[in-house]
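Just so it is clear, none of the values below were taken in a lab; they were calculated from the coordinates. It should be emphasised that the depicted structure is a prediction, and the values quoted were computed from it without experimental measurement. No Cβ is skipped: glycine too gets one built from the backbone with ideal geometry, and neighbour counts run over all protein chains shown.
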Amino acid sequence: MIILVMLGILTVPYLLLTAVGAVWPGLAINPQLRGRVGLALMFLFTASGHFIRTRPMSEMLPSWVPRRIAIIYVTGVLEMVGAIGLLTSQAYRLAGTCLLLFLVAVLPANIYAALNRVGMGGHEQGPAYLLVRVPLQLVIMGWTYWFAVR
């Protein structure tokens, strides 16, 4: 379910902004910015989980990792800063590059959470969840590269 929400948050703004530009050409926004709007909204959505569901998110990290709660808060802030950076004309490439690196860095936590059936965001489904989660992560990485980095 959360996968579909994330995919919707990523793509629907792009499609809506495209439709608005087609109907009202004076309101047209370039495709790169349309893609970054959806990406920024998706990262703001995922960042909110770092503050709303902090404890369950901290369980996605192995118990030997120190200061797990602090890490969850810091990564939530980083996602928010990255999302804002995606919407600025001066920083969107840097923000996109940092968010790409962030996505690579958090993949092991998602794998750990699925292998250990952590009850957060679908990980409780176990390793089978990775068959959906990893491709989604690759789509988000591709979207980030296409609209924010290249």
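Which value results when the Cα radius of gyration for the chain is divided by 2.2 N^0.38 Å?
1.09
Given Cα pairs under 8 Å that are at least 6 residues apart, what percent is the relative contact order of the stretch 2-149?
Value for the stretch 2-149: 25 percent.
Skipping prolines and chain starts, which residues have an amide H placed within reach, meaning under 5 Å, of the one on Leu61, given they are 5 or more residues away or on another chain?
Under 5 Å from the amide H of Leu61: no residue qualifies.
What is the Cα centroid distance between the stretch 20-50 and the stretch 96-114, reported in whole angstrom?
22
Cα axis of helix 130-144 to longest principal axis of the chain: angle in degrees, 0 to 90, nearest 10?
The helix 130-144 is inclined about 40 degrees to the chain.
Taking 2.2 N^0.38 Å as the expected size of a compact globular protein, what ratio does the Cα radius of gyration of the stretch 35-99 give against it, to two decimals?
This ratio for the stretch 35-99 stands at 1.20.
I'd like the orientation of helix 31-52 relative to the chain: the angle between its Cα long axis and the longest Cα principal axis, in ° from 0 to 90, rounded to 10.
It works out to around 30 degrees.
Test of the criteria: in the stretch 48-101, which chymotrypsin sites (Phe, Trp or Tyr not before Pro) are in a DSSP loop and have at most 11 other Cβ atoms within 10 angstrom of their Cβ?
Sparse-neighbourhood loop chymotrypsin sites (Phe, Trp or Tyr not before Pro): Trp64.
Quick query: amide H of Arg117 versus all other amide H atoms, modeled in the peptide plane; which residues come in under 5 Å with a sequence gap of 5 or more or a different chain?
Close amide H contacts, sequence-distant or interchain: Gly126.
About its Cα centre, what dipole magnitude does the chain give when the only charges are +1 on Lys and Arg Cβ and -1 on Asp and Glu Cβ, stated in debye to the nearest 20?
Using only the charged Cβ atoms, the result is roughly 140 debye.
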